[in-house]
Structure formats: C-alpha cells, structure tokens
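Novice: Just passing along the structure, written as structure tokens.
The values are calculated or read from the model by the stated rules, or taken from the named source; none is laboratory data. In this text the structure is predicted, and so the values were computed from the model without any measurement. Cβ sites come from the backbone with ideal geometry, for glycine too, and all protein chains shown count toward neighbours. These area figures cover heavy atoms from the full protein model, side chains too; ligands, DNA and RNA do not enter into them. Shrake-Rupley method; radii C 1.70, N 1.55, O 1.52, S 1.80 Å.
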Amino acid sequence: MQPTNVANPSYFHKVVDCQWACPAHTPVPEYIRLIGQGRYSDAYMVNWVSNVFPGILGRTCDRPCEPACRRGRVEENNGELPEPVAICRLKRVAADMKDDVRQRMPKLAPKNGKRIACIGAGPASLTVARDLAPLGYEVTVFDGEAKAGGFIRTQIPRFRLPESVIDEETGYILDMGVAFRSGQRIESMKGLLAEGYDAVFVGCGAPRGRDLNLPGRSEIKEDIHIGIDWLASVSFGHITSIGKRVIVLGGGNTAMDCCRSARRLGGTDVKVIVRSGFEEMKASPWEKEDAQHEGIPIINFHVPKSFEHSQGKLTGMYFEVVKAVYDAKGKRSLVLTGEPDVLVECDAVLIAVGQENAFPWIERDCGIAFDEWGLPVLEKETFQSSVPNVFFGGDSAFGPKNIITAVAHGHEAAVSIDRLLNGEDIARRPDPMTNLMSTKMGIHEWSYDNDTSNDPRFKVPWAKAEIALASIRVEVELGFDAATAFKEAGRCLNCDVQTVFAAPACIECDACVDICPMDCISFTANDDETGLRAHLKAPALNLTQDLYVSDELKTGRVMVKDEDVCLHCGLCAERCPTGAWDMQKFLLQTTQAGPSCRDGSKPAVRAGGVAA
C-alpha cells in the first residue's frame with residue numbers, strides 16, 4: 001500500500017465517524033467538549049453554523065451520527081448492546097442551557113441587488129435564507145401557513161417538539177431581514193419566474209401522503225385519515241379527539257407520531273400494523289421504543305386487505321398474514337402463511353404508508369424537467385434543475401428524507417446560488433476549511449482530557465405517564481440536567497483528536513504496540529490492502545474505514561494502524577520516547593455560501609475553537 005495522505009481533509013474527516021455520517025457535517029466532538037466545559041452558548045453556535053436548528057434537531061433528529069459513533073463498536077463488557085454517545089440529546093442540552101445568542105448571529109452586509117425566492121418555509125428553504133440573507137441577498141420566503149417551519153411545525157407533535165422552540169429558531173433566520181410571505185401559496189412557477197427573481201429555491205417538501213385503495217375505502221371517508229394530513233390538523237387544533245380503537249398503518253416515523261398522538265387524543269386501544277418485519281420498519285429504533293413504552297403494540301407481517309363497515313361506519317380491517325422468504329441471492333419476498341385472514345376491529349384508521357411529491361403548481365412547459373416518478377431532474381451535487389436559476393432541496397428534491405438532510409441540501413444549494421450569481425461555475429465545489437493542530441503542551445501533558453469513561457449511556461428522564469399521556473402538548477422527554485450532560489459528554493472518545501505519525505522520528509521500539517489497549521498498531525512488511533489487513537496484530541475487518549500506512553521505516557517495514565477501533569486515548573503518544581506519535585486536533589468546517597466559496601478567495605484556515 002502507498003503511504004496515507006493525511007494532508008487530504010477527507011482522511012481525518014472520515015475518522016471522525018459522527019461528523020462524517022452527519023449530512024451537514026456538524027463537528028460533533030468539538031461541541032460535546034464545550035458542553036462538558038459548561039460552555040453551552042459556544043456549543044450552540046458550533047451547532048448552529050452547521051445544522052441551523054440545534055434545539056429542534058436536539059429533539060427530533062434521525063441521528064445518523066449515533067449508529068456511526070465509535071463508542072458503540074469499541075466498548076466492551078458494558079452490556080449486550082454497547083450504546084453510542086447520546087449525541088442528539090447533548091445537542092438539546094446546548095440549546096436548552098445557552099444564554100441569549102442573538103448578538104452572536106451574523107451581521108448583515110449591505111444589499112447586493114440580487115433577489116432570491118424560497119418556496120416553502122421548511123428547513124431547506126430556511127437554511128438557504130440563513131446562508132444568503134447575511135451576504136446582502138434580498139430573500140423572500142413564501143409559505144401557505146401562518147408561521148415558518150414547514151413540516152417541522154405541522155408534522156411533528158408538540159409532545160416531541162414544543163412550538164416555542166420552533167418559533168425561536170425560525171425567528172433567528174427571519175430576523176435577518178428575510179421577507180416572510182405567510183399565507184401565500186405559490187400557484188404558478190411561470191408567474192413567479194416572471195417576477196424577475198435572480199434565483200428560485202424550491203423547498204416545499206413532499207406534501208402528499210399515500211392512500212390505500214382497498215375494498216371499502218371509497219365507502220368510508222370520515223374515519224380514515226391520511227397520516228400527515230391528520231397530524232397537521234392535530235397541530236393546528238382542528239382535530240382534538242379520535243375513536244377509542246385506532247389502527248395505524250405504516251412503519252415509519254410518521255406512523256409512530258400518529259399512534260402516539262392518537263393515544264393522547266382518546267385512543268385507548270391503539271395498534272400499529274405493518275406488512276414488514278419489526279426490524280425492517282423504517283422508523284428509528286428509539287421511535288419504536290417510545291411507542292412501545294407508551295403501551296402501543298406493533299403487529300408485523302400483516303398486509304391490509306380491506307376496510308370493513310356497517311351502516312356507513314368503519315368497524316374494522318381485514319389483514320392477510322404473511323412471512324418473509326429469502327431466495328438464494330438474499331432477496332426478500334412476502335408470501336402468505338396460509339393462516340386465516342385476521343379481523344382487527346377499530347373506530348379509526350390512520351394511513352402512514354409513505355409520502356410523495358406533488359408539484360401541481362409547476363407548469364410542465366416552464367422548462368423544468370421531471371423524471372418518471374414525478375421528481376425534478378437535478379444535478380446531485382449542485383441541486384440545479386434544467387432551468388439554470390431554479391434549485392430544489394429537502395424532500396422536494398429526491399423524495400422524503402429528514403430534517404438534517406434538508407439542511408445539508410440547503411447549504412449546498414446556497415453555495416450554488418451564490419456562485420451562479422457571481423458568474424462562477426457551480427459544478428466546482430469549495431473545499432472545506434480544515435485545521436490540524438498539536439495538543440501537546442509538555443512531555444506528557446495534553447490540552448484535552450483523554451481519560452476514557454466506563455459509564456454506560458445515560459437515560460433521558462421522561463415526564464410521568466399520567467401527565468404526558470393526558471395532553472398532546474406536554475413534552476415527554478425532559479432532557480439531561482447539567483450534571484448528567486457532563487457525564488454523558490465524558491463518554492465521547494474525542495475522535496477528532498488524531499494520532500499523527502512521523503516516520504523519520506520512529507526508532508521501531510514497539511512501545512506503542514505494547515501499550516495500545518486495542519491492538520490497532522502494527523509494524524509489518526508492506527503488502528496489498530487485503531494481505532495487510534489480514535496480517536496485522538489484530539486483523540482490520542471493517543473495510544469501510546481506511547488503514548493508516550506510514551512511509552517506509554529504517555528496517556523496510558511500515559507502521560499500519562487500524563483507524564476503526566482506535567480509542568484516541570493518546571497512550572501511544574505518551575509512551576513514544578522520540579515523539580514520533582502526536583495527538584493533533586482536527587477541525588473541519590464545510591465552506592458555506594459567501595466570499596470563501598468563490599474562486600480566487602482562498603479560504604482562511606481557522607485555528608481550533610469556536611466558530612464566530
């Protein structure tokens with residue numbers, strides 16, 4: 001293998017598993033250390049620069065960072081299923097415990113004469129507005145609802161996300177001089193383009209829920225609801241009750257919100273019924289756990305067959321019982337078990353089997369191309385449509401995903417718009433701003449705490465069931481207090497503090513090999529990757545994480561380190577008699593819209609610390 005190019009920002013970025021997995025590439029260890037120091041406002045601003053909605057996401061994020069967390073795969077003897085750092089809940093700590101941060105928001109540049117229209121006031125559009133408004137762009141956000149937030153406001157129940165948090169974090173953006181046209185739904189793309197906007201961003205989400213056209217559906221309309229529409233009606237107070245016996249169809253997070261909302265609106269016998277297996281459900285594991293914690297059973301491998309009714313009233317549903325069968329290639333099929341159909345009696349059904357895009361307001365002759373599934377044809381890196389100054393993002397771009405993905409789309413679309421309106425090639429994407437700085441302060445002194453906590457993951461306290469289930473607006477999770485947040489922050493392994501090796505200083509004494517608690521360092525003859533992985537002191541089995549391979553040493557061997565299981569404990573650097581190992585803090589910040597993203601403007605290398 002060739003020596004690892006540690007000057008490539010993506011190498012150490014990939015080692016910081018949580019940040020690599022986050023669509024918005026939030027520097028997770030950076031803000032967790034700040035929380036551990038009680039610097040909540042600083043931690044909030046580090047989050048805000050990347051993910052825009054720390055308080056919202058600290059309660060509702062799909063948490064792609066947590067399954068990637070190194071802690072979950074290197075922890076031993078701490079239960080059958082070692083758990084990652086509670087990254088999402090620590091994000092909420094920063095939001096809940098911060099001081100007033102309004103004075104820390106970006107200062108507004110003079111207007112530059114360029115006008116941007118954002119359609120929809122969801123997370124993607126608001127991210128575009130937040131990135132472009134401080135640069136002097138005149139940004140107008142259109143939305144059919146009275147308040148900003150999009151599906152954040154209409155689809156997420158208040159017992160998970162209080163409205164005050166939405167108001168606060170959308171308010172930071174609207175207060176940047178963004179013109180918010182509430183209650184104004186765009187009816188014609190042609191008409192909007194005729195108004196002379198320099199760029200248009202479409203972030204209207206995937207507003208149409210899928211229905212089930214089964215026998216009996218056309219006869220019953222009153223007691224059968226589309227999940228996302230029903231949640232919106234609950235959010236706005238149009239629906240305040242539901243029947244006692246409720247079936248929720250679907251296995252995603254919307255289904256989990258529906259069943260938990262129904263439980264609070266009077267449903268005493270609420271069931272979730274899915275056609276797949278429990279493990280195959282699209283809902284996040286914690287969403288399923290929360291539903292079950294509230295006494296809601298999840299019945300799997302039942303395929304809806306018909307709606308049953310009597311005298312114009314829904315009485316129940318029939319289901320076919322199936323099982324999963326896999327062919328030689330591992331492809332799954334659902335086949336009937338031969339058991340009799342199952343009748344489940346109910347008073348109401350909530351259908352949450354998926355969402356789809358709907359663009360009836362975009363004329364098909366306006367120049368925007370759509371694919372066979374009704375999605376816009378876009379450049380995947382730039383989010384540009386076939387009309388050069390029209391961009392899409394969030395669920396409206398590639399179908400339903402989640403809030404943090406919509407934020408990531410918004411950042412990238414803002415870069416595209418900024419480059420386009422400055423006459424630059426939008427296909428050229430700006431490099432991130434990175435910094436790699438030694439944390440060494442003395443022979444055996446380091447500027448970060450490298451003690452590894454043995455604590456298992458701390459649980460977030462809940463409101464008492466009799467209080468939480470009595471109201472749709474009582475927040476269930478109470479969040480960590482400061483003491484628990486400090487202990488949970490201590491579980492972070494500081495994966496951004498990298499082990500950096502200098503081959504010329506190495507005397508091959510093997511002291512680092514002897515002291516490494518994970519056996520992840522080896523000195524060996526070079527080979528191709530397959531051979532090298534197999535012949536290390538402990539074989540490196542995770543092929544998705546790169547090996548760290550040094551230049552050739554004096555004996556002709558190379559140092560090979562398995563980045564996958566390294567604890568970043570620094571023992572190798574402490575033990576090394578020649579200083580060949582160093583612990584260096586790596587900070588990566590994606591380059592957002594503005595002068596630093598444009599050609600000819602070299603990004604400033606930032607020292608480690610808090611983003612301004």
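Novice: Roughly how many debye, to the nearest 20, is the charge dipole of the range 495-549 about its Cα centre, given +1 on each Lys and Arg Cβ, -1 on each Asp and Glu Cβ, and no other charges?
Specialist: 60
Novice: Which percent of the Cα-Cα distances in the range 437-525 go past 23 Å?
Specialist: The answer is 52 percent, as a whole percent.
Novice: Using the Cα centre as the reference, give the magnitude of the dipole from point charges on the C-beta atoms of the chain (Lys, Arg: +1; Asp, Glu: -1; all else neutral), rounded to the nearest 20 debye.
Specialist: Using only the charged Cβ atoms, the result is roughly 980 debye.
Novice: Within 10 Å, count the other beta carbons around each residue, average over each peptide in 486-492, 207-213, 237-243, and list them highest first.
Specialist: So the peptides 486-492, 207-213, 237-243, ranked by packing, come out 486-492, 207-213, 237-243.
Novice: Using the per-residue mean of other Cβ atoms lying within 10 Å as a proxy for protection, in what order, highest first, do the peptides 249-261, 63-75, 129-141 fall?
Specialist: 249-261, 129-141, 63-75
Novice: Same structure again: Could you rank the peptides 406-415, 16-25, 525-534, 169-178 by their average count of other C-beta atoms within 10 Å per residue, with the highest value first? Before the final figure, lay out each step's value.
Specialist: Details: 406-415: 28.8, 16-25: 23.0, 525-534: 13.2, 169-178: 19.4.
Peptide ranking by packing, descending: 406-415, 16-25, 169-178, 525-534.
Novice: Once you have the alpha carbon radius of gyration of the range 316-466, what is it after dividing by 2.2 N^0.38 Å, with N set to its residue count?
Specialist: Values: Rg = 26.0 Å, N = 151, 2.2 N^0.38 = 14.8 Å.
The reported ratio for this selection is 1.75.
Novice: What are the radius of gyration and Dmax of the range 18-128, computed over its Cα atoms and given in Å?
Specialist: According to the Cα coordinates of the range 18-128, Rg and Dmax are 16.6, 61 Å.
Novice: How many times 2.2 N^0.38 Å is the alpha carbon radius of gyration of the chain?
Specialist: After normalising by residue count via 2.2 N^0.38 Å, the value is 1.05.
Novice: Looking at the chain only, what percent of DSSP beta bridges run antiparallel? Nearest 5 please.
Specialist: Around 60 percent antiparallel, to the nearest 5.
Novice: Could you give the dipole magnitude of the range 107-161 about its Cα centre, charging the beta-carbon of Lys and Arg +1 and that of Asp and Glu -1, in debye to the nearest 20?
Specialist: Charge dipole of the range 107-161: 160 debye, to the nearest 20.
Novice: Let me ask something additional. Would you grab the residues whose amide H sits under 5 Å from the one on ASN112? Only those 5+ places off in sequence or on another chain, please, with H modelled 1.01 Å from N.
Specialist: It is TYR137, GLU138, by chain and number.
Novice: I've got another one for you. Determine the gain in length on full extension of the stretch ARG429-SER471; use 0.36 nm per residue of separation and subtract their C-alpha separation, reporting nm with one decimal.
Specialist: 10.4 nm is the gain from fully extending ARG429 to SER471.
Novice: Report, largest value first, the span of the C-alpha coordinates of the range 157-260 along each principal axis, in whole Å.
Specialist: Here the spans come out as 50, 34, 24 Å, largest first.
Novice: May I ask which residue of GLY556, TRP581, GLN592 lies farthest towards the positive end of the charge dipole of the range 459-612, with charges of +1 (Lys, Arg) and -1 (Asp, Glu) on Cβ and the Cα centre as origin?
Specialist: GLN592
Novice: When ligands, DNA and RNA are left out and all protein chains stay put, how many square angstrom of accessible area per residue does the chain have with a 1.4 Å probe?
Specialist: Working: 26400 Å² over 612 residues.
I get 43 Å² per residue for the chain.
Novice: If you roll a 1.4 Å probe over the chain with all protein chains in place, what percent of the accessible area is carbon or sulfur?
Specialist: 51
Novice: For the range 134-210, what is the convex hull volume of its Cα atoms per residue in Å³?
Specialist: 109
Novice: Rounded to the nearest 500, what is the 222 nm mean residue ellipticity of the chain from helices alone, with -39500 (n - 2.57) per DSSP H run of 4+ residues and division by all residues?
Specialist: Details: 22 runs with 171 residues, N = 612.
When only DSSP H runs of four or more count, the value is -7500 deg cm²/dmol.
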